[in-house]
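These notes are about the structure you will find just below.
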Amino acid sequence: MLRINDQITLEDWELTESFMRASGPGGQNVNKVSSAVELRFEAARSPNLPGPVKARLKKLAGRRWTTDGALVLQCDETRSQARNRDIVRNRLAELITKALVAPKRRIATKPTFGSKKRRLKAKKVRGEVKSLRGKVDPDT
């Protein structure tokens, strides 16, 4: 069981861990020990997450979200399987915590009178600069 906050805890059936051999440094140990961890969280089927949280989590997860609604996280940073397990579980908890925060609603505002004036003045100045770039008449 993984505790996210006071209201949300993830059950064991929602999380699936698989272990595989990691790439990178480690000498002979790399070929023998399965230290990399892949954590699969069945987010779409989770009864503990509300709908809006699931939608935000899907957006945050990006390509880590599978077509069948699972969130897949991988970690092979350390040589220790236990440490990799902790890291990947913390990452999942952080992602869900980020998804819990609802985005602030944007309030549409109008441009101020001063900003409109400044914009029009800048356009006029720019137009004058461009008009002075024209061909020079040799008669005048």
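Key figures
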item: Under 28 Å from Lys110, Cα to Cα: lysines that are on another chain or at least 8 residues apart; result: Lys121, Lys123, Lys124
item: Ranked packing of 72-81, 96-105, most packed first, by mean Cβ within 10 Å; result: 72-81, 96-105
item: The stretch 1-102, relative contact order [Cα under 8 Å, separation at least 6], %; result: 28
item: GNM top mover of Val53, Val33, Val88 - the chain, alpha-carbon springs below 10 Å; result: Val33
item: Overall form of the stretch 2-100 per C-alpha gyration tensor (a/c, 1.5; a/b vs b/c); result: prolate
item: Cβ-based charge dipole, the chain, positive-most Cα from Asn90, Ser131, Pro111; result: Ser131
item: Amide H partners (placed H, <5 Å) of Ile4, local residues excluded; result: Thr9, Leu10
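None of the figures in this text is laboratory data; all of them are computed from the coordinates on show. Keep in mind it's a predicted model, so treat the numbers as computed, not measured. So basically every Cβ, Gly included, is an ideal-geometry build from the backbone, and we count neighbours across all protein chains shown.
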